[in-house]
Amino acid sequence: MPKLTRRHMLALGCSAAASPLMTPVTFASTPGENRLVVIILRGAMDGLDAVRPIGDPGLATLRGGMGKDADLDGFFGLHPALSPLLPLWTKGQLSAVHAVSTPYRDRRSHFDGQDLLEAGMGMDALGQTRDGWLNRLLSLMPGAEAETAYAIGRADMLLTRGASPVANWAPDAALTLSPQAKMLLERVLHDDPLFRIAALEAISLSQAGLPEGEEITEGDMMNAMAQSSRRAQRAAAPTEIARFAASRLRGDTRIAAFSLAGFDTHARQDRNLPRALERLTEAVLTLQETLGTVWEKTAIVAVTEFGRTARLNGSGGTDHGTAGAMILAGGALNGGRVITDWPGLSEADLYQRRDLRPTRDLRAHLAWILRPMFDVSEADLTRTVFPGLDMGADPRIIF
Amino acid sequence: MFDPERAEKRFGCGLAPGIAGPASAAEIMERLRAPDEAAAAFPIPTFSQVLPRLRGLQLARQARRTTATDTARAETLESYRALRKALRLDATRWGGHVLLRRALTRDGLRERLTAFWADHFTARGDGQLWGLVQLPYVEEAVRPHVTGRFGDMLRAVMTQPLMLSYLDQHRSAGANSPIGQARGRGLNENLAREMLELHTLGADGPYTQADVTELAKLLTGLTFHMERGFEFRPNLAEPGAETVLGISYGGETARLADIYAALDALAAHPATAAHVARKLAVHFISDRPDAALVDALSGVFQSTDGDLAALTEALLTHPAAWQPEARNVKRPVDFIGSALRALDLVPRHIPLTAPRKMDALFTAPMTLMGQPPGQPPGPDGFAEDDLDWITPQRLAARISWAMTAPFQIRRALPRPEEFARAALGIDIPAPVRSAALGAETRAEGIGLILASPAFQRV
């Protein structure tokens, strides 16, 4: 049967009762059972600090003492802010990929770097990026519909933009309506299917993050009104986003994507990076806690636009660099190892004598994750999802 | 046929309790041809006026790197931060002025046309500084031309630093130009492609990849300097003539006049007329506009050599523009602007000098609604399709704003039944009337009216 999306249903004038969110009926076969969570770390995470090559003598020369870190495998250690994830490492459910980058080189602009990361393209595509690799992946998944993939958060992500339908929801857009207001709102919107269906979905999604059976009271609504100026400025907490993502992934959703900001550590990295990494840790642990049995089928992939300079700068921070690290977690991982062709940190090993040298393409690892998880062919991956990519050898990231 | 309330909703910024709407299409055109009162009352500087401040910030930033002592570095950092903070504060006020213009103008169509053409010629600044100056770009290159010639607006936007930087034109050099040869630099086709695909002929227009490349070669030399603004630099220009859509431009010496000649030819092309006519009809009337209306607009564009006042007048006097059914959904800026208008504001209600409040009341909610101010998703601007705007998340953001923001902006809220008349006009749907009366608080009643399709559709 043809795939049914919210758009199609609106065009057909279907009633709200037929919305996929309103009923347990799915209209298309769901494409497989695996779950992927993509987290974009905005601001260029310092891979050398997050996953520390403590066995490389160059590290102490470049960075001095970095304090206490958790030893992973004798050569790499984990930043203290990530150490709550160590039990996952022991279970083989945490991994890192090191000294990787997108094809982006030399200009070191966040905006261009993020565009290429999310577009999954090469330098020649700069300025011409219209859709994201995750959206193009969906175009290859038979039976993908709007609920298959969720983009979560207020920002419009290039990663999920494109021709394939992707559902969007920002937990901080949740409606706080009293029962009376909700009833009156439904009445006001009733005769306009576009508004009615969207509002019913919004009301249902607003409940998704709340504990079972909790109703919004009139007091909550007045409170929300008083607080809304504060709330509007602050994006949703990572736990809130992760909890919402898990609520969808436990159902028909197969892919969720969101971003975490705060990784641009030009100064006082010892103080600023932990805050950002803690948010990542919270997101991963919340997903683990709330995904239930689905965790075993899940891979979380955290990627950033580029790495940072190997040396600390004069204000205890790092500037924009080249290669960095990906952090992977989830029950689907063949983990407990750092995957890398380590380039070394001696002066001559550095890229332009300043940055960690990229030894492999970040996209190749993404492709090798997608290949088994969603049964996508290498030809489709290197033509459609990541045009022109050389996938290289299989690092066997997924079981 | 003409209807004063429909005119304000569909072609203006919405109904306002204290502002008399136009009595005829001729009156709308009269206001539009008169001096720009809203811009005078709520000024926004032009990009040229702001450029020296960007240059000052650039110098201050460079000074940070070149100072010798820690004390000097701290001083330069301090001055850089002060300059940046001042620019941020001003940019906040400009954003507020956009809303106040919409809330208080008697010439709403000018605001709508400015937004429409700014979107057609989308240019966006990225980064901490250039991200703040999209409105000055619009003020300089777009707004003065909304009743002028399309070709003049095209020329104005293509000589703006923000556009040249956004679409990478300042990085483009002829491979055989003096600079291209000396520094190994080459062509960037981005601006040429978007100019054909988005700004003039349209995505299905009659051009080939060869036209894109040739136009890109012809455009080499268009660039800007942080002190002098727009510049044409012949030593960046690819030597020789280029052929675009079958017409040859230029010769041995690179000249700006040849680029202008190509822009004029693109502006006058029938495909451009059809593309612009369709976009205008989609924006103001319906996602699926009446074919006769599009043809009529296209014809006027061609017969008047792209006279935008004549084009606008043709839209306002066409019967298809007045069909009673409201088919379009307001974009977030139209939604918020018209809500403020219906609330009968005075300027002091808008906290222009409090960036955090402005962000909480407008920027953050508009981002959740899908229209972050000054940050369109790509060179094709914001979506036109109603289905892109009324998604669960975006509608939730509209409803939340409607329920909470009016009370924060204006503590003394009007009675819901009076507000319904002010916001919706004579024709108030029965469910909206009863919901407004049935609400437990004034804020909720006003929120329900603003959340209604009757308010959000035009």
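In table form, for the structure just shown:
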read-out: Evaluation of B:A38 against (1) over 24 Å from the mean Cα position of the chain (by Cα); (2) part of a helix (DSSP H, G or I); (3) among the hydrophobic types (A, V, I, L, M, F, W, C) (one fails), failing number; value: (1)
read-out: Some residue of the stretch A:145-159 being more than 8 Å from chain B (Cβ to nearest Cβ), surrounded by fewer than 21 Cβ atoms within 10 Å (Cβ to Cβ) and touching a residue at least 24 places away in the same chain (Cβ under 8 Å); value: no
read-out: Matching residues, the stretch B:230-249, being more than 30 Å from the chain's Cα centre (by Cα), on the phi < 0 side of the Ramachandran plot and open to solvent by 50 Å² or more (accessible area, probe 1.4 Å); value: B:P234, B:N235, B:P239, B:A241, B:T243, B:I247, B:S248
read-out: Long-range neighbours under 6 Å by Cβ, at least six apart or interchain, first residue more than 9 Å from every other protein chain (Cβ to nearest Cβ) within the stretch B:349-365, second assigned to a helix (DSSP H, G or I) and among the hydroxyl-bearing types (S, T, Y); value: B:P355/B:T92; B:M358/B:T92
read-out: Those residues of the stretch B:402-433 which are more than 30 Å from the chain's Cα centre (by Cα), closer than 24 Å to B:R6 by Cβ and of a type in the set (G, A, S), in sequence order; value: B:A430
read-out: Top-ranked residue in the stretch B:330-348 [being open to solvent by 10 Å² or more (accessible area, probe 1.4 Å) and under 23 Å from the mean Cα position of the chain (by Cα); ranked as farthest from the other protein chains (Cβ to nearest Cβ)]; value: B:P347
read-out: Qualifying position, being assigned to a helix (DSSP H, G or I) and exposed (fewer than 15 other Cβ atoms within 10 Å of the Cβ), among B:A82, B:A60; value: B:A82
read-out: Scope the stretch A:243-265; condition under 30 Å from A:S109 (Cβ atoms) and part of a loop (DSSP other than H, G, I, E, B); matching residues; value: A:A261, A:G262, A:F263, A:D264, A:T265
read-out: Selected residue (criterion: nearest to A:G132 (Cα to Cα)) from residues of the stretch A:181-196 that are facing chain B (nearest Cβ under 7 Å) and without any contact (Cβ under 8 Å) to a residue 40 or more places away in the chain; value: A:F195
read-out: Residue that is farthest from B:A423 (Cα to Cα), among those in the stretch B:19-35 that are assigned to a helix (DSSP H, G or I) and either touching a residue at least 24 places away in the same chain (Cβ under 8 Å) or open to solvent by 70 Å² or more (accessible area, probe 1.4 Å) (or both); value: B:R33
read-out: Sole residue being open to solvent by less than 10 Å² (accessible area, probe 1.4 Å) and modelled with pLDDT under 95, chosen from A:G330, A:G317, A:G324, A:G307; value: A:G317
read-out: Pair list, Cβ under 6 Å, 6 or more apart: the stretch B:384-397 residue more than 7 Å from chain A (Cβ to nearest Cβ), other residue outside any helix (DSSP H, G or I); value: B:D385/B:D287; B:W389/B:V329; B:R394/B:M369; B:R394/B:G370
read-out: Which listed residue, of B:D258, B:D307, is open to solvent by 10 Å² or more (accessible area, probe 1.4 Å), under 24 Å from the mean Cα position of the chain (by Cα) and charged (D, E, K, R); value: B:D307
read-out: Residues of the stretch A:160-180 satisfying the condition of being in a loop (DSSP other than H, G, I, E, B), closer than 22 Å to A:L117 by Cβ and either more than 8 Å from chain B (Cβ to nearest Cβ) or of a type in the set (D, E, K, R) (or both); value: A:R161, A:G162, A:A163, A:S164, A:V166
read-out: From A:R360, A:R396, residue being in contact with a helix residue (DSSP H, G or I) (Cβ under 8 Å, 6 or more places away or on another chain), open to solvent by 30 Å² or more (accessible area, probe 1.4 Å) and either closer than 27 Å to A:D71 by Cβ or among the polar types (S, T, N, Q) (or both); value: A:R396
read-out: One residue from A:M225, A:M221 being within 19 Å of B:W401 (Cα to Cα), modelled with pLDDT under 90 and within 7 Å of another protein chain (Cβ to nearest Cβ); value: A:M225
read-out: Scope the stretch A:230-241; condition open to solvent by less than 40 Å² (accessible area, probe 1.4 Å) and either within 14 Å of chain B (Cβ to nearest Cβ) or at pLDDT 95 or above (or both); matching residues; value: A:A232, A:A236, A:I241
read-out: Residues of the stretch B:416-438 satisfying the condition of being surrounded by 22 or more Cβ atoms within 10 Å (Cβ to Cβ) and among the hydrophobic types (A, V, I, L, M, F, W, C); value: B:F419, B:A420, B:A423, B:L424, B:V432, B:A435, B:A436
read-out: Meets criteria (of a type outside the set (S, T, N, Q) and open to solvent by 40 Å² or more (accessible area, probe 1.4 Å)) for A:P53; value: no
read-out: In the stretch B:399-450, the residues that are at the interface with another protein chain (Cβ under 7 Å from one of its Cβ atoms) and in contact with a Pro (Cβ under 7 Å, 6 or more places away or on another chain); value: B:A439, B:A443
read-out: Subset of the stretch A:84-102 [surrounded by fewer than 18 Cβ atoms within 10 Å (Cβ to Cβ) and not hydroxyl-bearing (S, T, Y)]; value: A:P84, A:L86, A:P87, A:K91, A:G92
read-out: Filtered residue count, the stretch B:220-248, keeping only those that are of a type in the set (A, V, I, L, M, F, W, C) and more than 25 Å from B:V50 (Cα to Cα); value: 6
read-out: Some residue of the stretch B:119-133 being more than 14 Å from chain A (Cβ to nearest Cβ), surrounded by fewer than 22 Cβ atoms within 10 Å (Cβ to Cβ), of a type in the set (D, E, K, R) and in contact (Cβ under 8 Å) with a residue 24 or more places away in the chain; value: yes
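Residue by residue, here is whether (1) closer than 22 Å to B:A156 by Cβ; (2) not in a helix (DSSP H, G or I) holds:
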residue: B:G186; (1), (2): no, yes
residue: B:L201; (1), (2): yes, yes
residue: B:Y207; (1), (2): no, yes
residue: B:V212; (1), (2): no, no
residue: B:A257; (1), (2): yes, no
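The values are calculated or read from the model by the stated rules, or taken from the named source; none is laboratory data. Since we're looking at a predicted model, the values are computed, not measured. Note that each Cβ is placed from the backbone with ideal geometry, even for glycine, and that neighbours are counted across all protein chains shown. For accessibility, only protein heavy atoms count, side chains too; no ligands or nucleic acids. Shrake-Rupley method; radii C 1.70, N 1.55, O 1.52, S 1.80 Å.
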